[in-house]
Amino acid sequence: MDLSKMVRKNLADIKPYVPGKPIEEVERELGIKNVIKMAANENPLGPSPKSVSAIQDLAAKAQIYPDGNCYYLKDALSQHWEVSPNQLMVGNGSDELLKLIAETFLLPGDEVVIGQPSFSEYIFAAKLMDAECIFVPLKDFTHDLSAMAEKITDKTKLLFVCNPNNPTGTVVTKQEVDDLMEKVPDNVMVIFDEAYYEYVQNQEYPKTLDYVKQGRKNVIILRTFSKVYGLAGLRIGYGIAHPEVISWIKRTMEPFNVNNFAQAAALAGIKDQNHVRESVQLNEAGKKQIYRGLEERGLSYVPTEANFIFIKVGVSSKELFPAMLQRGVIVRSGDIFGNEDYIRLTVGTEEQNKRFFDALDDSLAGLKIK
Ligand SMILES: Cc1ncc(COP(=O)(O)O)c(C=O)c1O
């Protein structure tokens, strides 16, 4: 029996997502301890203590289905962003929302415009629906929005702007986004993936929420609780768009897509903006520490607006990655993004950043001697 003839043909073209290695797996395989992960852009401070107690409070009520409408969380988000609850959708991570957007809009043969390199889930979502990915190379590590606008055809349904971009950490400016939005026809949905929104310091960062507030129907903003809110393990993200857009996407949603714990922890997180500020401050201090360390070593990097840094390591990341692993530091290898001599490093605590440099020095010395 040849299953490949039975399954949908487009699945053959989908590469399963390769996650960063979990700490436990590295410790088990290499027989080492105290491994640190600086590979998945998680918050080194962890969640707000208020989120932790919200989860604990609910533990003994795990038998109860979650609120399928995420009423309290949407209520808090609507106050926080001054939008109405019907302009919000909540997903099992923004990953889920990306997939639901694809299911809502894409038919086989439709085109999706994507920057390259960018977040891999856009490709997954498009391919899952048998749509065509139209890749537009980054310019100076940044989305080239005018080149992306030029790629729009009659077949284009979606255009993704990852802002800040994963893996490069760069942002497009308000002016660039305004120019893009003037060119984009009404029947092309522009998705601004702002997973790292809270970390951005650049004053020219666009307020994409204004487009939604002005009533534009071809804009979706995606945010997440996985990054600055430190809740990646619970899987919860949200989207903001015109109510009609939300109501169509909701048709593709499972009834209880976001679990109780995630909803409660996110609600507590939104109410603890001090923790957000502390996390951003830690990130700013970490960025400076890492920039300094890289400059001392003569290594170049892409200045970041997020909580990770794209670093030119001058050797193949395919070799550096396992060498760093041996020294107990997990980073993201650049070859998966098509930049073999780069790594993507999540900004850690002061101590973690020091350990990164120790491991890097050791690994590079080993690789250069060879
Ligand atoms: C740009 C970008 N968008 C979305 C996500 C997914 O976030 P979530 O954990 O909410 O699914 C990530 C996670 O790394 C990301 O980097």
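The values are calculated or read from the model by the stated rules, or taken from the named source; none is laboratory data. For clarity, every value in this text was computed on a predicted model and none was experimentally measured. Cβ sites come from the backbone with ideal geometry, for glycine too, and all protein chains shown count toward neighbours. These accessible areas exclude ligands, DNA and RNA; they are computed on the full protein's heavy atoms, side chains included. Shrake-Rupley method; radii C 1.70, N 1.55, O 1.52, S 1.80 Å.
I'd like the full set of residues that are modelled with pLDDT of 90 or more, under 19 Å from the mean Cα position of the chain (by Cα) and of a type outside the set (D, E), limited to region 15-48.
We begin by selecting, within region 15-48, every residue modelled with pLDDT of 90 or more; these are 23-48.
Filter once more, keeping what is under 19 Å from the mean Cα position of the chain (by Cα): 37-47.
Scanning region 15-48 gives K37, M38, A39, A40, N41, N43, P44, L45, G46, P47.
Which numbered condition trips up T304, out of (1) free of Cβ contacts under 8 Å to residues at least 12 places away in the same chain; (2) open to solvent by less than 10 Å² (accessible area, probe 1.4 Å)?
Failing condition for T304: (1).
Check off (1) surrounded by fewer than 18 Cβ atoms within 10 Å (Cβ to Cβ); (2) part of a helix (DSSP H, G or I) for L325 and give me the number that stays unchecked.
Looking at each condition in turn, L325 falls short on (1).
Is it the case that region 33-43 has a residue that's open to solvent by 60 Å² or more (accessible area, probe 1.4 Å), within 25 Å of T224 (Cβ to Cβ) and within 16 Å of the ligand (Cβ to nearest atom)?
Within region 33-43, the subset open to solvent by 60 Å² or more (accessible area, probe 1.4 Å) is 33-34, 42.
Those left that are additionally within 25 Å of T224 (Cβ to Cβ): 42.
Now narrow it down to the ones that are within 16 Å of the ligand (Cβ to nearest atom): 42.
Checked region 33-43: at least one residue is open to solvent by 60 Å² or more (accessible area, probe 1.4 Å), within 25 Å of T224 (Cβ to Cβ) and within 16 Å of the ligand (Cβ to nearest atom).
Does V315 meet the test of being out of contact with any Cys (no Cβ under 9 Å at 6 or more places or on another chain) and open to solvent by less than 10 Å² (accessible area, probe 1.4 Å)? Talk me through it step by step, then tell me what you get.
On the way: out of contact with any Cys (no Cβ under 9 Å at 6 or more places or on another chain): yes; open to solvent by less than 10 Å² (accessible area, probe 1.4 Å): no.
Spelling it out, it is not the case that V315 is out of contact with any Cys (no Cβ under 9 Å at 6 or more places or on another chain) and open to solvent by less than 10 Å² (accessible area, probe 1.4 Å).
Could you list, in sequence order, the residues of region 230-267 that are near the ligand (Cβ under 10 Å from one of its atoms) and in contact with a helix residue (DSSP H, G or I) (Cβ under 7 Å, 6 or more places away or on another chain)?
Filtering region 230-267 down to residues near the ligand (Cβ under 10 Å from one of its atoms) leaves 231-238.
Once the filter is applied, which keeps residues that are near the ligand (Cβ under 10 Å from one of its atoms) and in contact with a helix residue (DSSP H, G or I) (Cβ under 7 Å, 6 or more places away or on another chain), region 230-267 yields L231, L234, R235, I236, G237, Y238.
Determine the pairs where a residue that is of a type in the set (V, I, T), located within region 19-39, has a partner that is outside any loop (DSSP other than H, G, I, E, B) and open to solvent by 60 Å² or more (accessible area, probe 1.4 Å) with Cβ atoms under 7 Å apart, the partner being 6 or more residues away or on another chain.
I36/R355
Identify all residues within region 70-86 that are of a type in the set (D, E) and assigned to a loop (DSSP other than H, G, I, E, B); write none if there are none.
Of all residues in region 70-86, those of a type in the set (D, E) come to 75, 82.
The one that is of a type in the set (D, E) and assigned to a loop (DSSP other than H, G, I, E, B): E82.
If K50 satisfies all but one of (1) buried (at least 19 other Cβ atoms within 10 Å of the Cβ); (2) under 23 Å from F225 (Cα atoms); (3) touching an Asp or Glu at 6+ places or on another chain (Cβ under 7 Å), what's the number of the condition it fails?
(1)
Looking at E295, E254, which one is of a type in the set (D, E), surrounded by fewer than 18 Cβ atoms within 10 Å (Cβ to Cβ) and part of a loop (DSSP other than H, G, I, E, B)? So that I can check it myself, show each step before the final result.
Numbers: E295 fails: part of a loop (DSSP other than H, G, I, E, B).
Unique residue meeting the criteria: E254.
Being open to solvent by 90 Å² or more (accessible area, probe 1.4 Å), within 18 Å of L267 (Cα to Cα) and without any contact (Cβ under 8 Å) to a residue 40 or more places away in the chain: is that true of Q63 here?
On the way: open to solvent by 90 Å² or more (accessible area, probe 1.4 Å): yes; within 18 Å of L267 (Cα to Cα): no; without any contact (Cβ under 8 Å) to a residue 40 or more places away in the chain: yes.
No, not satisfied.
Restricting attention to region 328-370, report how many residues are among the acidic types (D, E) and not in a helix (DSSP H, G or I). Steps first, answer last, please.
Step one: filter region 328-370 for residues among the acidic types (D, E), giving 335, 340-341, 350-351, 358, 361-362.
With the extra rule that they be not in a helix (DSSP H, G or I), the set shrinks to 340-341.
Count: 2.
What tally of residues in region 208-229 results from selecting those that are in contact (Cβ under 8 Å) with a residue 24 or more places away in the chain and either assigned to a loop (DSSP other than H, G, I, E, B) or within 9 Å of the ligand (Cβ to nearest atom) (or both)?
Pass one, region 208-229, residues in contact (Cβ under 8 Å) with a residue 24 or more places away in the chain: 208-209, 211-213, 215-229.
Next, only the ones that are either assigned to a loop (DSSP other than H, G, I, E, B) or within 9 Å of the ligand (Cβ to nearest atom) (or both) stay: 208, 215-218, 222-229.
Residues in region 208-229 being in contact (Cβ under 8 Å) with a residue 24 or more places away in the chain and either assigned to a loop (DSSP other than H, G, I, E, B) or within 9 Å of the ligand (Cβ to nearest atom) (or both): 13 in total.
Could we say that A285 is open to solvent by less than 20 Å² (accessible area, probe 1.4 Å) and farther than 24 Å from T208 by Cα here?
Working: open to solvent by less than 20 Å² (accessible area, probe 1.4 Å): no; farther than 24 Å from T208 by Cα: yes.
Considered against the rule, which asks whether it is open to solvent by less than 20 Å² (accessible area, probe 1.4 Å) and farther than 24 Å from T208 by Cα, A285 comes out as no.
Could you please find all residues in region 230-244 being open to solvent by 10 Å² or more (accessible area, probe 1.4 Å) and not small (G, A, S)? Show your work before the answer.
So in region 230-244, the residues open to solvent by 10 Å² or more (accessible area, probe 1.4 Å) come out as 230, 232-235, 242-244.
Listed by number, the residues that qualify are L234, R235, H242, P243, E244.
Please list, ordered by first then second residue, the pairs with beta carbon atoms under 6 Å, 6 or more apart or interchain, first in region 285-298 and closer than 21 Å to L45 by Cβ and not assigned by TED's automatic domain parsing to the domain that holds K354, second assigned to a helix (DSSP H, G or I) and of a type in the set (S, T, Y).
none
Name the residue, out of L98, L106, that is surrounded by 23 or more Cβ atoms within 10 Å (Cβ to Cβ), modelled with pLDDT of 95 or more and closer than 30 Å to P255 by Cα. Before you say what the answer is, go through the steps one by one.
Numbers: L106 fails: surrounded by 23 or more Cβ atoms within 10 Å (Cβ to Cβ).
When all the criteria are applied, what remains is L98.
So which helices (runs of 4 or more DSSP H) stay within region 87-204 end to end and still have 3 or more residues that are within 16 Å of the ligand (Cβ to nearest atom) and more than 22 Å from N339 (Cβ to Cβ)?
On the way: elements: 94-105, 121-128, 145-150, 174-183.
So the answer is 94-105.
Hey, among D186, D154, D178, which residue is free of Cβ contacts under 8 Å to residues at least 12 places away in the same chain and more than 18 Å from the chain's Cα centre (by Cα)? Before you say what the answer is, go through the steps one by one.
Values: D186 fails: free of Cβ contacts under 8 Å to residues at least 12 places away in the same chain; D178 fails: free of Cβ contacts under 8 Å to residues at least 12 places away in the same chain.
The unique qualifying residue is D154.
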